[in-house]
Amino acid sequence: LPPEDISVPDLLALPQLCFPGGVYVASEPKEDCVHFLVLTDVCGNRTGSEGDTGLLLSLQDESCFYNGKAHWEPSWPTAGVAGCFVPFAVCVVSKLPYYNALKDCLSCLLTHLKLCKDFEVDNHIKDFAAKLSLIPSPPPGPLHLIFNMKPLQIVFPSRADPESPVIDLDLHLPLLCFRPEKVLQILTCLLTEQRIVFFSSSWALLPLVAECFLAYLHPLQWQHTFVPVLSCQMLDFVMAPTSFLMGCHLDYFEEVSKEADGLILINIDNGSVTCSSDEDVDVPDMPLLAAQTFTQRVQSLQLHHELDLAHQGASTDLNGGRACRWGWQQRLNCQVQHAALQLLFSIFREVKNHLNYEHRVFNSEEFLKTRAPGDQQFYRQVRSASRLSRRMDAFAQMDLHTQSEEDRLNGMLASPRRPTIEKMASRKSSPLHVAHRRMVVSMPNLQDIAISELPARNSSLRKVDTADYGSGSIVVSVAPKPTYTFKIPEIHFPLVSQCVQAYYLDCVALLSKAMSLLAPDNSALLARYFYLRGAVHLMHGQLLDALLDFQSLEVVDKPGEAPKPDDRVKNFELPKKHMQLDDFVKRVQESGVVKDTNIIHRLFEALTVGHQKQIDPETFKDFYNCWKEAEAEAQEVSLPLSVVEHLDKNECVYKLSSSVKTNRGVGKIAMTQKRLFLLTEGRPGYVEISTFRNIEEVRSTTVAFLLLRIPTLKIKMASKKEVFEANLKTECDLWYLMVKEMWAGKKLADDHKDPQYIQQALTHVLLMDAVVGTLQSPGAIYAASKLSYFDKMKNEMPTAFPKTTSETLKHKINPSAGETLPHAVDVLLYTPGHLDPAEKVADAHPKLWCALNEGKVTVFDASSWTIHQHCFKVGTSKLVSKPSALRCGFPDPAAGSGETDASTCTDLEIAHCQEGPRVVYSCSADGTVLAWNVSSLRVTSRFQLPGGRLSSISLHDGHLWCCKSSVPCRPLPQEEGTERKLTAYFLGRAPSQPSNSDPSSVLAGSLLPSCVCACAGRDSIYVWSLKDLTQRPQSVHLQDCSEVSCMIRVKKQIWVGGTGASQGKSKGKIYVIDAERKTVEKELVAHMDTVKTLCSAEDRYVLSGSGRGEGKIAIWKVE
């Protein structure tokens, strides 16, 4: 590493930290001892100590882990002076916390120092430091490094993943020092960010025990002052007013207890936890069920290695016995980590229900209201620990991984969320459950709902009957992952240049050998070997070899998306000032009410009818309150079994009216996404009103009752003569709007074969309800009508959906579901299914890969057209495609190949050659065409088309067809006596084609005796005969077409996608052309926006993707 990358910590305080009890001259030698230190900055903060580095170096960072080792050297007496002993310390600095490994290294050094003479000590220490500096740091993953320090084999463990800390200490030490209930108390103090001081008569135990407790908190992080060892000159640090974690010798216990108030004093030696002041510090109890589960798991652990050795014979091999002990410790550490992780998981497992991932907002008030009354004090104090709560989303991500695929996708995509009939039927009803659900009604910053307190719990964590709580216990069972070791070669002395170079060569040879012996499917371990070999090459100065190894990591081990520097969770707060449209959109999305930006725009219009175009805080607060109350009421809906039997298992009750009189009885009208039904009173029963598909007419009228006119809703069904009437009174106008919107949404869904319209209609309906509840004024219904989007769309487009389009269209799917705005579909790629016993059943299904703009990809299961993987990011560049593969384009000119040119790569084509290696042709906008050898990824030939403006290429029958501005051209496949040298000539201008029209697509293939070319800005396609290239091309006119964007060949048809007029508006259209007769067979109105891409699915279906105005995919059947 370059020198500027290595920062040296301030070592002024090092002497007193190496000798925290003071330096004394002794008349007799003392026992050798070891202890550990943690260097921090002036405020005691440990920043950057977990950063990754290429090699383990001495003196790296301001905050590094220290291992101290001291032994006693005699000071030889002079004449007449008595002999004495003075202490001598050796300190090793490491950026990573290798406690046990560096302790063993110092132990090996000590055996050599005791045998050497005084003048040789410095040289031995220098050789020791140089030797350590040559040991590479293992990358995160399953590979640990073993190094021979003589006489010990020392293991340098790797971290489990990039987000996890290095664990090189015995995590069961606190369980030997404290009872489980005391461990829980200490963890509670850490979670509530108290001022904590550890005490022990052993300096070494202070940092070890403190680090163990911090490891228990992972993935949460302690982000306050951390000074695990305070020397006698540093005792005033405990007077700091902020949260901290410190350690002192037991001799100073009384002094610290008297001088400082409000401290949590933890005595490691006797396992006690006390408070420094007369008044007890308010430390709440851990949630009961989580605490009990943790206690049971800890009590089941085998904490003593001797018990495991009872049945084994004595080991005669020192390193063999150490390896056995290390393996046992790794297994025990894994069990302790799982127990701690399960504890935190149980505490925070419902955080995901109140966390907005996209906007990084956590609604802590709503989360708090859902907790059990006896646990609320704990969560209230944890919530106030703001620094710690920023990491709570890690548990939400963990909970997402433990959910079923269906629940995970429903949580991400379903909006608004309501319990399905299936979940409602399986839900256990209990008074505690109902109380928890009702607490959701409360608003942030509003009066808390008074709930009767449960009996108080003491800190003894008394045993309770687990029968009532068994359903809530979640056991995180993680199978231990296999680990591997790599032994670093010997380092020969003296450490001159030749010896170091030989060491590097030995490392590379051993790593290469280990890689050659790996199984082909072990890509995770192969990636670690590539990383280590690249690091050794880098230190050896072999920069090209290092680059090749690091580039190989992209192939065998794709890295995940790096977290953003400011990727922190903030607490959700209601707005305190007036909001314009943009701020209102952000606030609504943060609150988790709605994500769709277009729907929020309609909501803004509804809430600002007749007012200035801004939302005041009180209006937003009332709207949010109405929405949350509706959510809580929906969660409390409980339908009798006789009603559930009539509904589909995936139906949800979205709205219930008040009890009203109807011509079919008295009861409540219920709305699901599919139907309206009457929930009769008295003896609860089910009365079908109508499905939305069966509605023929909806009217809002009044009926006479004595001297009154009662508002009445009338619904006429297509299959029944009887008209349903309901005296909804004040609710009539709102229900009229809601039923008409759902009716319109269902009709659009049926016409467009797109169920997304139903979900959007439901969102409009629930927002109407919230708007009416918010405004509560005579103009509230008019304001809510601004959300009747589909009803207005149905009235504005009375013309029936084109018959040909309706008959050919099978289904529509939305790859942008769950996003704030629709994304343009740039590429579609269909991959057929295959049966492989080694794969999961779902992975063997056919897939549809959808490349969206901004480098996002969504994968659909093509057997059911459901989302298989939702919107993962593969980069920031636009993706382009050819039928044979999916490739990424580079819009940035600087991203072009260094050995070609600086122009944008616009298209690629794979050529399947009968002889020699496979060839790939690429073209750039300046007219350069390159032929690449696939095996070596090197350019084998190139040629230049004059004039540039090259947009696409297509290979057919040994001819490479190039599509460029104004002129399609054909390179010759081969010249006599040359090695695939390509030349080009021009065929001439397409008839009547203006000079500024660019060919947008070229298509040629063995099934067609012709080449087809489409030109941007033209309403025709041009067909060249491959039998006689001298003939002028034949044009096929596309009626009402303004632009052609894509073409594919399916059987004996050519499907052309682009933009055209339909009913006076610009739409995305598809033209199906008979390739033999060269006539248009079908004209399909495909999308609201232009058709950007087409894809064939086994010649049975054609899939079309639209621009960002719609962002959907249509599935068409092929005849």
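A few points about this structure:
- Tally of residues being open to solvent by 20 Å² or more (accessible area, probe 1.4 Å) and aromatic (Phe, Trp, Tyr) across the range 1106-1119: 0
- Per-region count, the range 234-264, residues among the aromatic types (Phe, Trp, Tyr) and open to solvent by 50 Å² or more (accessible area, probe 1.4 Å): 1
- The residue that is least open to solvent (accessible area, probe 1.4 Å), among those in the range 482-526 that are at pLDDT 90 or above and either in contact with an Asp or Glu (Cβ under 7 Å, 6 or more places away or on another chain) or basic (Lys, Arg) (or both), is PRO489.
Quick grid of which residues meet (1) in the same structural domain as THR608 (by the TED database); (2) in contact with a Lys or Arg (Cβ under 7 Å, 6 or more places away or on another chain):
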site: ASP751; (1), (2): yes, no
site: ASP754; (1), (2): yes, yes
site: HIS764; (1), (2): yes, no
site: LEU767; (1), (2): yes, no
site: PRO778; (1), (2): yes, no
site: ALA783; (1), (2): yes, no
site: HIS811; (1), (2): no, yes
site: ASN814; (1), (2): no, yes
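- For the range 618-654, the set of residues classified as within 30 Å of LYS716 (Cβ to Cβ) and open to solvent by 50 Å² or more (accessible area, probe 1.4 Å) consists of GLU633, SER642, GLU645, HIS646, ASP648, LYS649, ASN650, listed by residue number.
- Those strands (runs of 3 or more DSSP E) of the range 645-699 in which 1 or more residues are farther than 18 Å from ALA761 by Cβ and touching a Lys or Arg at 6+ places or on another chain (Cβ under 6 Å) occupy 675-680, 685-691.
- Number of residues in the range 723-753 that are within 16 Å of ASN694 (Cβ to Cβ) and either acidic (Asp, Glu) or in contact with a Pro (Cβ under 9 Å, 6 or more places away or on another chain) (or both): the value is 3.
- Close Cβ contacts (under 8 Å, 6 or more residues apart or on different chains) running from residues in the range 595-609 that are farther than 11 Å from THR763 by Cα to residues that are aromatic (Phe, Trp, Tyr) comprise ARG602/TYR789; PHE604/PHE584; LEU607/PHE623; VAL609/TYR782.
- Candidate set from the range 850-874 (those that are open to solvent by less than 30 Å² (accessible area, probe 1.4 Å) and free of Cβ contacts under 8 Å to residues at least 24 places away in the same chain); member that is nearest to the chain's Cα centre (by Cα): VAL857
- Counting only helices (runs of 4 or more DSSP H) that fall entirely inside the range 575-643 and contain at least 2 residues that are under 30 Å from THR680 (Cβ atoms), the qualifying elements are 617-636.
- If you go through the range 713-742 and pick out every residue that is part of a strand (DSSP E or B) and touching a Lys or Arg at 6+ places or on another chain (Cβ under 9 Å), you end up with 9.
- Note on the range 586-617: residues that are more than 23 Å from the chain's Cα centre (by Cα) and open to solvent by less than 20 Å² (accessible area, probe 1.4 Å) total 8.
- So GLU1043, is it farther than 26 Å from ASN853 by Cβ and open to solvent by 40 Å² or more (accessible area, probe 1.4 Å): no
- CYS91 being under 27 Å from LEU332 (Cβ atoms) and not in a loop (DSSP other than H, G, I, E, B): no
- Hits in the range 655-678 - residues which are among the polar types (S, T, N, Q) and open to solvent by 60 Å² or more (accessible area, probe 1.4 Å): ASN663
- Close pairs from the range 350-370: first open to solvent by 40 Å² or more (accessible area, probe 1.4 Å), partner among the β-branched types (Val, Ile, Thr), Cβ under 8 Å, at least 6 apart: GLU350/THR370; ASN353/THR370; GLU358/THR820; ARG360/VAL569
- For the condition under 40 Å from the mean Cα position of the chain (by Cα), surrounded by 17 or more Cβ atoms within 10 Å (Cβ to Cβ) and aromatic (Phe, Trp, Tyr), TYR686 does not qualify.
- Screening LEU1103 with (1) part of a strand (DSSP E or B); (2) in contact with an Asp or Glu (Cβ under 8 Å, 6 or more places away or on another chain); (3) of a type outside the set (Ser, Thr, Tyr); (4) open to solvent by less than 20 Å² (accessible area, probe 1.4 Å) gives one miss only, at (2).
- PHE724 being of a type in the set (Phe, Trp, Tyr) and open to solvent by 10 Å² or more (accessible area, probe 1.4 Å): no
- Qualifying helices (runs of 4 or more DSSP H) (wholly inside the range 98-207; at least 2 residues being acidic (Asp, Glu) and surrounded by fewer than 20 Cβ atoms within 10 Å (Cβ to Cβ)): 121-133
The values are calculated or read from the model by the stated rules, or taken from the named source; none is laboratory data. Here the structure is a predicted model, which means the values were calculated and not measured. Glycine gets a Cβ as well: all are built from the backbone with ideal geometry, and neighbour counts include every protein chain shown. The accessibility values were calculated without ligands, DNA or RNA, using every heavy atom of the protein model including side chains. Shrake-Rupley method; radii C 1.70, N 1.55, O 1.52, S 1.80 Å.
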